[in-house]
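Below is one structure, written out as structure tokens, with a few remarks after it.
What follows is calculated from the coordinates using simple rules that are stated; it is not laboratory data. In this text, all values refer to a predicted model and were calculated from it rather than measured experimentally. With ideal geometry, Cβ positions are generated from the backbone for all residues, glycine too; neighbour counts draw on all protein chains shown.
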């Protein structure tokens, strides 16, 4: 599962919807503090439509002590929006995997205060 998380972070940084969606189950849902609850493909299309560049700095990967299918990635996300506005924040992505090793649910946690104004200006 840790290898899949590393692939996820690499694909997120490169902006590849195709590489990302291959890591998710067909019914996967992403819970995002800015975009709400969306299917993986829809989430990444919207995210990358708003993104000029992303840089990921992995801090750690954690595994659950009692749920073998639950992992968390802790990283700093340097996000440059299409508008040119930039934000850097620490993020926790909580991954829930299915029996086939695909991501079935992803919960993204970070403080949106640093980016919300620039994000809302994109609309």
- Message: Pick from 39, 76, 67 the residue whose mean-square fluctuation is largest in a GNM of the chain, springs joining Cα atoms under 10 Å.
- Response: 67
- Acute angle (nearest 10 degrees) that the helix 40-49 long axis makes with the longest principal axis of the chain, alpha-carbon atoms: 30 degrees
- Note on the structure: So, with points 7 Å from each Cα along the Cβ direction, the residue 16-residue 107 label distance in nm works out to 2.9 nm
- Item | Simple label model, 7 Å out from Cα along Cβ direction - residue 72 to residue 86, nm | 2.9 nm
- Query: Which value in deg cm²/dmol, rounded to the nearest 500, describes the helix-derived mean residue ellipticity at 222 nm for the chain, given -39,500 (n - 2.57) per DSSP H run of n ≥ 4 and division by the residue count?
  - Reply: -7500 deg cm²/dmol
- How far is helix 2-14 tilted, in degrees, relative to the longest principal axis of the Cα atoms in the chain, given as a value from 0 to 90 rounded to the nearest 10? 20 degrees
